[in-house]
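Student: Below is a structure I'd like to ask you about.
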Amino acid sequence: MYTFNIGETPEQLAQFKEVIEKYKEVPGCLMPVLQETQGIFGYLPLEVQKAIAEELGISLSEVYGVATFYSQFRLKPTGKYRISVCLGTACYVKGADKVLKRIEERLGIQNGECTEDRLFSLDSCRCVGACGLAPVMMINDEVYGKLDPDKVDKILDEYMKGGEENDA
Amino acid sequence: MVTLKINGIPVKAEEGMTIMDAAKLAGIDIPSLCYLKEINCIGACRVCVVEVKGARSLVASCVYPVAEGLEVWTNTPKVRQSRQTTLELLLSEHHKKCLSCVRSSRCELQKLCKDYGVDEDRFPDTEKLQEIDLSSSYLVRDNNKCIHCMRCVAACDHQSVSVIGPRQRGHNKTIGCAFDIQLQNTACVGCGQCIVSCPVGALYEKSSIPDVWEAIADPTKKVVFFTAPAVRATLGEEFDLPIGTNVEKKIPGAVRRLGADAVFDMDVTADLTIMEEAYELLGRIKNGDTLPMFTSCCPGWIKFCEHNYPELLPNLSSCKSPQQMFGALLKSYYCEKNGIDPKDLFVVSVIPCTAKKFEVTRDEMVADVDVALTTRELAQMISGAAINFNSLQDEEFDSPFDIASGAGVIFGATGGVMEAALRTAAFVLDGASPEPSFEQVRGMKGIKSATYTIAGKELKVAVASGLKNARQLCEQVKKGESEYQFIEIMACPGGCINGGGQPIQRDATRNTYPVNELRARALYTEDASLTYHRSDESPVIETIYKEYFGEPNSEKAHHILHTSYHEREKY
């Protein structure tokens, strides 16, 4: 019924259709629709939000308003490697801002964005429960502690190498 | 009815009323920055707080219902202190560039800050300047002035256009379009109801004033103005005249003093529109063409239809709007008649509307009108030229576009175009009969309908103002459930008298007085006082057809006075 041109699969589109059918007549269903749709596509791009607005009979500005109000919703895709830098108190006082800055410089993206090749996406979070290792970041499920900008470089180098190998 | 006490004064109020409504009965306009009658009622700005006996804290009077025995104080030290602090917090995020702000002296925030003696420096500036959205040809959004009252969002929703909303949250919250899409690339119709709802200077029309001054100063240009019917009913408000004062006779003198070479009455092309539209309707009925026919004078409605109901485009009358007819007439007939090269003629329309600023930029319109000014912009030019508007003597519009019928005058109010068209259609079909009255289509109701029998045939008509109402009628037509042959739509609730380019009345005034009715009355009163009531009676119209177009809907008329529409994206 829809094509979004975001590299989606027919299975994802079928799932999206199911979500819409399930909730279409339910008043106030926007939140679960957004949650489940993000579960399918990983994020909520413009084309998808337009489709939600059209199907639910509400305005795009309302959909977007809700999608940007809650930090759990993403407007940008996630990368193969999801980097999450802890900006909690302990990490912050130990220099997490410098860690984040170095990653942004290296990848050429801002916090909340994804690299064009979809290899890395960058986010910040509040405490992963490893304050003893501050400053900390996670890449997918792997935790990296006692970071400084130089260590960040080395870690990213490894992943970049890995990414290229996998692509090759 | 319940009895409550407001500041010790007993007040009888209807159940379901809010404290704010009840306070009006006691002669108190509780201030507010977010409340707007029938449009926005969210209790968000906290300026309207009052003390209620027994309540734990101050309550928002715009949403708090009255009750028997309620005791309310609207002006205690606690209330004043709270309002003052709220205002000071708002100012900490407000770009206080007030001296040259379009709303200076008419800003609701500024008025309250003065009333409450606020200290604008109490909280250090936290503003970080954001980019101003200048993308559209008709409207500017300066979020640095925005106080997040949500009135513009509510006004846009009230129109069922809904292209703006809050984005992000907390300190990062801004009002605008989804995904930062520029307004010009959305389904915004340019009605400007957001502008007239804004309490501050965050929204305003894209100014065309510098272009007009430049043209006036250019000796090679002949600058001609024409002013729309609804402008005369409101321009006086900008010069502190009572709402509903008709200043038609002061407009020619004021415009001449700006340096214009001629000033015409747009009621003439309202008459011309009626000639073309009434004949088009009669032709469609006779030939069995697409019905119902929708009026096409309102560019906000046209754009709405193009975005939302492209399947109904064949139902739109092909007539250009009176503004565009005037532009086309000036650059053809008028130039030929007076030996002017159209290149040297600079045409300025003065309209109550922001959508007409967009309309002049449409590809189909080939620069027939060079610049469209809102009523507010004309007032600003008059002030800027130090013209003492209220002391001007009455003057007349310039020939050959100086005399119009009352049918042209009432174009400015909802139902006016319908009534004007019916007057002429009835005469054409049934000239012998006494003129029927078409007053059922008057008034401020969102949707009006009537059935008339003309020359033995039944004609069912409907009138909608406000796009939410228009949407209802469109849905009916789309589903094939519409019983009407002719439908008038005006995008702004109440019609052009309440257009997005009109003087902005304070919320206290809008919430208390029937502003639209008063403005409309000025037009209907003028109609009643005029010699001609039908467009076809006007001697100016007779001359134009005799000298130029031949007859309504002639080939030449089609070429110059008609247009086409195209589908636009919904998002």
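Every number in this text was worked out from the coordinates using simple rules, so none of it is lab data. Nothing here was measured: the structure is a model prediction, and the numbers come from that model. Note that we place each Cβ from the backbone using ideal geometry, even for glycine, and neighbour counts take in every protein chain shown.
Student: When DSSP beta bridges are limited to those with both residues in the stretch A:81-167, what percentage is antiparallel, rounded to the nearest 5?
Tutor: Antiparallel: roughly 55 percent of the beta bridges in the stretch A:81-167.
Student: Additional query: Within 10 Å of each residue's Cβ, count the other Cβ atoms and sort A:114, B:45 from fewest upward.
Tutor: Ordered by Cβ neighbours within 10 Å, fewest first: A:114, B:45.
Student: Looking only at the protein assembly as shown, where both bridge partners belong to it, what percent of the DSSP beta bridges are antiparallel (to the nearest 5)?
Tutor: So the antiparallel bridges in the protein assembly as shown amount to around 55 percent.
Student: Additional query: Please work out whether the stretch B:300-389 counts as rounded, prolate or oblate from its C-alpha gyration tensor, where a ≥ b ≥ c are the square roots of the eigenvalues and a/c under 1.5 means rounded, while otherwise a/b larger than b/c means prolate and anything else oblate?
Tutor: Taking the square roots of the gyration eigenvalues as a ≥ b ≥ c, the stretch B:300-389 is oblate.
Student: Once the Cβ-Cβ distance between residue B:261 and residue B:361 is put in as r, and R0 is 22 Å, what FRET efficiency do you end up with, to the nearest 0.05?
Tutor: 0.40
Student: Per-residue mean of other chain beta-carbon atoms within 10 angstrom of the beta-carbon, peptide B:375-387?
Tutor: Mean partner-chain Cβ count within 10 Å for B:375-387: 0.
Student: Still on this structure, please answer the following. For peptide A:53-65, compute the average count of partner chain beta-carbon atoms within 10 Å of each residue's beta-carbon.
Tutor: 6
Student: Just the isolated ones, please: cysteines in chain A lacking another cysteine beta carbon under 4.7 angstrom.
Tutor: If one checks each Cβ against the other cysteines of chain A, A:29, A:114, A:125, A:127, A:131 turn up with nothing under 4.7 Å.
Student: Kindly provide the GluC sites (Glu not before Pro) of the stretch A:1-68 that DSSP labels as loop, not H, G, I, E or B, and whose Cβ sees at most 16 other Cβ atoms within 10 Å.
Tutor: Here the sparse-neighbourhood loop sites are A:25.
Student: What longest range of chain B stays clear of loop-exposed trypsin sites (Lys or Arg not before Pro) (DSSP non-H/G/I/E/B, at most 11 other C-beta within 10 angstrom)?
Tutor: Here the longest segment lacking exposed loop sites spans B:129-478.
Student: Ok, one more. Loop only per DSSP, at most 15 neighbouring Cβ atoms within 10 Å: give me the trypsin sites (Lys or Arg not before Pro) in the stretch A:1-106, ordered by residue number.
Tutor: Listed in order of number, the matching sites are A:24.
Student: List the GluC sites (Glu not before Pro) in the stretch B:44-138 that DSSP assigns to loop (not H, G, I, E or B) and whose Cβ has at most 15 other Cβ atoms within 10 Å. Which are they?
Tutor: Filter output for the stretch B:44-138: B:68, B:120, B:127, B:131.
Student: Additional query: Testing the spin-label approximation: label points 7 Å from Cα along Cα→Cβ at residue A:92 and residue B:56. State their distance in nm.
Tutor: Taking the two extended label points, one gets 3.0 nm.
Student: Place a point 7 Å from Cα of residue B:71 in the direction of its Cβ. Which residues in the stretch B:33-63 have their backbone N less than 13 Å from it?
Tutor: The answer is B:51-55.
Student: Ok, one more. What ranking do A:3, B:234 get, fewest neighbouring Cβ atoms within 10 angstrom at the top?
Tutor: A:3, B:234
Student: Same structure, new question: So what is log10(I(q)/I(0)) for the protein assembly as shown at q = 0.08, 0.09, 0.11 1/Å, when the Debye sum runs over its Cα atoms only?
Tutor: -0.76, -0.93, -1.22
Student: Sticking to Cα atoms, compute the Rg of chain B to one decimal and its Dmax as the biggest Cα-Cα distance, whole number, in Å.
Tutor: 24.6, 79
Student: Apply 1/(1 + (r/R0)^6) to the Cβ-Cβ distance of residue B:214 and residue A:24, taking R0 = 56 Å, and write down the FRET efficiency to the nearest 0.05.
Tutor: With R0 = 56 Å, the Cβ-Cβ based efficiency is 0.55.
Student: In vacuum, with every alpha carbon of the stretch A:81-167 counted as one equal point scatterer, what does the Debye formula give for log10 I(q)/I(0) at q = 0.22 Å⁻¹? Two decimals, please.
Tutor: Values returned for q = 0.22 Å⁻¹ are -1.02.
Student: Work out the FRET efficiency for residue B:476 and residue B:512 from their Cβ-Cβ distance, taking R0 = 56 Å, and round it to the nearest 0.05.
Tutor: It comes out at approximately 0.95.
Student: While we're here: Sort largest first and round to whole Å: the equivalent ellipsoid semi-axes of the stretch B:2-75, each the square root of five times a Cα gyration tensor eigenvalue.
Tutor: 18, 13, 11
Student: Also, I was wondering about something else. Arranged by the count of other C-beta atoms within 10 angstrom, fewest first, what order do B:298, B:319, A:131 take?
Tutor: Starting with the residue having the fewest Cβ neighbours, the order is A:131, B:319, B:298.
Student: Taking N as the number of residues in the stretch B:123-205, what is its Cα Rg relative to 2.2 N^0.38 Å?
Tutor: Normalised by 2.2 N^0.38 Å, the Cα Rg of the stretch B:123-205 equals 1.03.
Student: Something else now. Tell me, what is the percent relative contact order of chain B, built from C-alpha pairs under 8 Å that lie six or more residues apart?
Tutor: Reported as a whole number, the value is 16 percent.
Student: Further question on the same structure: Ratio of the stretch B:432-487's C-alpha Rg to 2.2 N^0.38 Å, to two decimals?
Tutor: 1.25
Student: Work through the residues other than residue A:138 whose Cβ is under 10 Å from its Cβ and net out their charges, Lys, Arg +1 and Asp, Glu -1.
Tutor: Summing Lys/Arg as +1 and Asp/Glu as -1 gives -2.
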